[in-house]
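The structure appears below as structure tokens.
The values are calculated or read from the model by the stated rules, or taken from the named source; none is laboratory data. Values in this document were obtained by computation on a predicted structure and should not be read as measured data. Positions of Cβ are backbone-derived with ideal geometry, glycine not excepted, and every protein chain shown enters the neighbour counts.
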Amino acid sequence: MPLNSNVAAVTDRIIERSKPTRRRYLELMAEQRERGINRPRLSCGNFAHGFAAAGEDKAAISHLSGPNIGIVTAYNDMLSAHQPYGRYPEQMKIFAREVGATAQVAGGVPAMCDGVTQGQPGMDLSLFSRDVIAMSTAVALSHGMFDAAALLGICDKIVPGLLIGALRFGHLPMLLVPGGPMPSGLPNKEKQRIRQLYAEGKVGKTELLEAESRSYHAPGTCTFYGTANSNQMMMELMGLHIPNAAFINPGTPLRQALTRAAVHRLASLAKDGARPLGEVVDEKSIVNAMIGLVATGGSTNHFIHLPAIARAAGIIVDWQDLDELSSAVPLIARVYPNGSKDVNDFQDAGGMAFITYTLSREGLLHTDTLTAGADTMDAWIGQPELHGDELVWKPTEESADVDMLRPVTDPFLADGGTRLVKGNLGRAVFKTSAVDETRWLIEAPARCFSDQDQVLQAFKDGELDGDVAVVVRFQGPRSNGMPELHKLVPALGVLQDRGHRVALITDGRMSGASGKVPAAIHVSPEALPDGPLARVQDGDLIRLDAHTGTLEAVGVDLASRPAANAPPPPAGTGRELFALMRLTASDAEHGGSAMLAAMEAEQPHGFETERS
């Protein structure tokens, strides 16, 4: 099937827009390859430091007898998704020796959990932890000891951070090595029901904690289709996993076999210097990730992360690109919170193998990309299975559950369920796939707040019991680090269930757990220092229309008004340490990154994009 004309047009536009910056990036990677730091160029003193503690691998590393794989790990045993990584390094060293290679832990990166910090002060560190992870990855790989790298990370900011940092070493071959989701726990609808009952005061904290503990109950990634599992989907479609390794549960023989295959593959690539990361992550692979995002109803956090990842490789994408792809690519997956079943059910139904098959067969995926985990994208059409000691891939051309996974020819929605909305309040993202179409247009009077706790107090006091557009501002990267605002979901859901027309307008985030309430999120420019959102007043009529892509304060001359006063900068829980990042961060559409903004300012490449 020829490539879809809309996909081709978006790709061509990105390639043309990115020509100067992509050229400079590839020139830098070529220079790194030719003149960068590596083991043969290290002095004897440098080199001896690098293998002093390598144990039985010491001789092999010192004699350059085979490739040395650097492991960058996000292991900690507080985070369920990353707890399985504790034993990976020792296993990976054994797997490397099997093919005449060695492996060393190059360094660790922080891995914070939005699930733990949600609604807490620590959430203000979450987005900027991505920059910290990227810089930590660069520190780990800066020693020049490695011929390839394995990146161990799964969750929200961790995969984008690892990838952004690793792309500074894009002359090396690399793979991401997943850990897999935990087994399914309490059904998602029951969890959602108890959360809403708690918001209404009908059950207590004991019942709520019991429900949450039955949902998040074991090692592995959370099973809803949020940012973590959307990360895994994107890495598959970018060719950066061993094919379809993402959603295999931890602690299983198949999981270990896939990790072993990743190490063997890296050793092979390193021996040939083949398929370096900076060439694998190109315009087409970024478009494939964008297509997967809209086709599966993935996390809106990636409307921030994908532009940042792309920019790290010299590629410029914006929300108009995502909007146009969403119009061309149908929604073919319904995974909680966009459906009732979780990622384990998704995997059983055919998972990424079927997604790859149906998208590629209908011309909605670039299949001519350079992939790291296998030789061609066709490899991703198979589901991995273990036959004795042999790892094989079974072709998957049909869905085993059309209630959650459908072919492109019979989708849930004709488009990808995400809209760019814009107007006198700025540009924002509206995830329509989780919202009933009768609520794609909301007109309601504004109520303005500066944090989500104010909203919850107003809800408890009965002040929001009517049609309302809840405006939560000063939540962008420069204000407080752009926390997610999921504490609002149950309360706003209650108002909606009472029959009110409700919308959320915010320069903050909601992510893959966004629910049934219509929301314009990531509003850019943000309220600080004087974005239009800061000029909205209580009672202004707000129009949010996903049909026409509209976000506006109706009949209001915002420019003539003074901006509302911003809250004082956040302090405590280490938030003051991130003040420099808040001061210099780019807006959400440019990736919400202080690090990339500073890098581009130091070496200007014309990164600004024209906005429609």
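Of the candidates Q104, Q91, the single residue that is surrounded by 18 or more Cβ atoms within 10 Å (Cβ to Cβ), on the phi < 0 side of the Ramachandran plot, over 24 Å from the mean Cα position of the chain (by Cα) and of a type outside the set (A, V, I, L, M) is Q104. Candidates are the residues of the range 391-438 that are in a strand (DSSP E or B), at pLDDT below 95 and charged (D, E, K, R); the one that is nearest to the chain's Cα centre (by Cα) is K431. Can you name the condition, by its number, that P110 falls short on among (1) under 27 Å from L167 (Cβ atoms); (2) of a type outside the set (K, R); (3) in the same structural domain as N231 (by TED's automatic domain parsing); (4) surrounded by 17 or more Cβ atoms within 10 Å (Cβ to Cβ)? Just one mismatch for P110, condition (4). Candidates are the residues of the range 549-566 that are in contact with an Asp or Glu (Cβ under 7 Å, 6 or more places away or on another chain) and assigned to a loop (DSSP other than H, G, I, E, B); the one that is farthest from S126 (Cα to Cα) is V556.
Would you call P67 surrounded by fewer than 18 Cβ atoms within 10 Å (Cβ to Cβ), touching a strand residue (DSSP E or B) at 6+ places or on another chain (Cβ under 9 Å) and at pLDDT 95 or above? In short, no. Scan the range 168-176 and tell me whether some residue there is more than 22 Å from A267 (Cβ to Cβ) and either in contact with a strand residue (DSSP E or B) (Cβ under 6 Å, 6 or more places away or on another chain) or assigned by TED's automatic domain parsing to the domain that holds Y75 (or both). Yes: one or more hits. Within the range 13-21, does at least one residue satisfy the condition of being at pLDDT 95 or above and either acidic (D, E) or closer than 16 Å to L172 by Cβ (or both)? Within the range 13-21, one or more residues are at pLDDT 95 or above and either acidic (D, E) or closer than 16 Å to L172 by Cβ (or both).
Out of R447, R478, one residue alone is out of contact with any Phe, Trp or Tyr (no Cβ under 6 Å at 6 or more places or on another chain), over 24 Å from G122 (Cα atoms) and basic (K, R). It is R447.
Residues in the range 367-374: is at least one closer than 23 Å to F224 by Cα and either modelled with pLDDT of 95 or more or surrounded by fewer than 23 Cβ atoms within 10 Å (Cβ to Cβ) (or both)? No, the range 367-374 contains no residue that is closer than 23 Å to F224 by Cα and either modelled with pLDDT of 95 or more or surrounded by fewer than 23 Cβ atoms within 10 Å (Cβ to Cβ) (or both). Residues in the range 145-191 that are more than 17 Å from D342 (Cα to Cα) and basic (K, R): 2 in all. Of the residues screened, E279 is not one that is at negative phi and under 20 Å from the mean Cα position of the chain (by Cα). Give the residue, chosen from N38, N6, that is more than 24 Å from I316 (Cα to Cα) and either surrounded by 13 or more Cβ atoms within 10 Å (Cβ to Cβ) or touching a Phe, Trp or Tyr at 6+ places or on another chain (Cβ under 6 Å) (or both). After ruling out the rest, the residue left standing is N38.
Could you please let me know if I542 is more than 29 Å from L125 (Cβ to Cβ), among the β-branched types (V, I, T) and at pLDDT 95 or above?
Numbers: more than 29 Å from L125 (Cβ to Cβ): yes; among the β-branched types (V, I, T): yes; at pLDDT 95 or above: yes.
In short, yes.
Consider the range 490-508 and keep the residues that are touching a residue at least 60 places away in the same chain (Cβ under 8 Å) and crowded, with 24+ Cβ neighbours inside 10 Å. The one that is farthest from F303 (Cα to Cα) is V502.
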